[in-house]
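Report on the following structure.
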Amino acid sequence: MSSGSEARRGRPRSAGADERIIRVAIELLLARGYGGLSPDEVAERAGVAKTTLYRRWPSKGHLALAVVARLQEYDEIPDTGDIRRDLTVYLGEIAVALNRMRLAGAAEGSRSPGTVAELVAAAARDDELDRLRRELYERRNALAIALIERAVRRGQLRPDLDPGVLLEQLAGALYYRVLITGAPVDEEYAARLVASALDGATTAE
């Protein structure tokens, strides 16, 4: 029975091949945007068979989402004990990442939502991709919510504060500007956003 199930699973994945695929996909996505990302070209440049790539990432949307996940691995959520500073740094990192995706393959200063919107649209058309997208952001959001919860326990934020709602207010505003208004998002805007939100959430001195 075990040999049959192994045959169904196919050959084990090569970590080296996966890494080459992701590196090439990052390069192409950032240079050309979602529309210019070709899984077949990624496979060719990475020196792997197309079947190897498609076994792991069955569509362009899956591959693009894997790129986003990899890029987020390098974004840390600080916990210095200063919730205002930590949230400002965290929101600033999100702003930088959103701009990076918005400008992927676009002219500098473009107000188009670009790859950010393309990924949302791709997930809307594919239930499995949407599930993976939600799981990716749920894991990321859980870390930020835990940061807020610790600030509540330290008495820096109101005890009745809903950490999830506060995070939605902050991150949601960034996505609204990128996807709806096209207004710029940057670290300075992130700082103003955190200040505005926390002025109504901090405990009285």
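Among the residues that make up the range 94-102, is at least one of them at pLDDT below 90, out of contact with any Pro (no Cβ under 6 Å at 6 or more places or on another chain) and in a loop (DSSP other than H, G, I, E, B)?
Within the range 94-102 (the criterion being at pLDDT below 90, out of contact with any Pro (no Cβ under 6 Å at 6 or more places or on another chain) and in a loop (DSSP other than H, G, I, E, B)), the answer is no, since none of the residues qualifies.
Regarding Arg102, is this residue surrounded by 16 or more Cβ atoms within 10 Å (Cβ to Cβ) and under 14 Å from the mean Cα position of the chain (by Cα)?
So Arg102 fits the description; yes.
Take the conditions part of a loop (DSSP other than H, G, I, E, B) and among the aliphatic types (A, V, I, L, M) and apply them to Ala106. Does it pass?
Yes.
Being surrounded by fewer than 11 Cβ atoms within 10 Å (Cβ to Cβ) and either within 24 Å of Arg102 (Cβ to Cβ) or at pLDDT below 90 (or both) narrows it down to one residue among Arg32, Arg11; which is it?
After ruling out the rest, the residue left standing is Arg11.
Tally up the residues in the range 77-133 that are in contact with a Ser or Thr (Cβ under 8 Å, 6 or more places away or on another chain) and free of Cβ contacts under 8 Å to residues at least 24 places away in the same chain, please.
Qualifying residue count for the region: 1.
Name the one entry in Leu166, Leu136 that is under 20 Å from Met101 (Cβ atoms), of a type in the set (A, V, I, L, M, F, W, C) and not assigned by TED's automatic domain parsing to the domain that holds Gly33.
Leu136 is the lone residue from the list that is under 20 Å from Met101 (Cβ atoms), of a type in the set (A, V, I, L, M, F, W, C) and not assigned by TED's automatic domain parsing to the domain that holds Gly33.
Give Val42, Val116, Val89, Val68 a once-over and let me know the one that is buried (at least 17 other Cβ atoms within 10 Å of the Cβ) and farther than 28 Å from Leu166 by Cα.
Just one listed residue meets the conditions, Val42.
Those residues that are at pLDDT below 95 and surrounded by 13 or more Cβ atoms within 10 Å (Cβ to Cβ), I need them from the range 15-25; list them, please.
Of everything in the range 15-25, those that are at pLDDT below 95 and surrounded by 13 or more Cβ atoms within 10 Å (Cβ to Cβ) turn out to be Ala17, Asp18.
The values are calculated or read from the model by the stated rules, or taken from the named source; none is laboratory data. Source: prediction; values computed, not measured. So basically every Cβ, Gly included, is an ideal-geometry build from the backbone, and we count neighbours across all protein chains shown.
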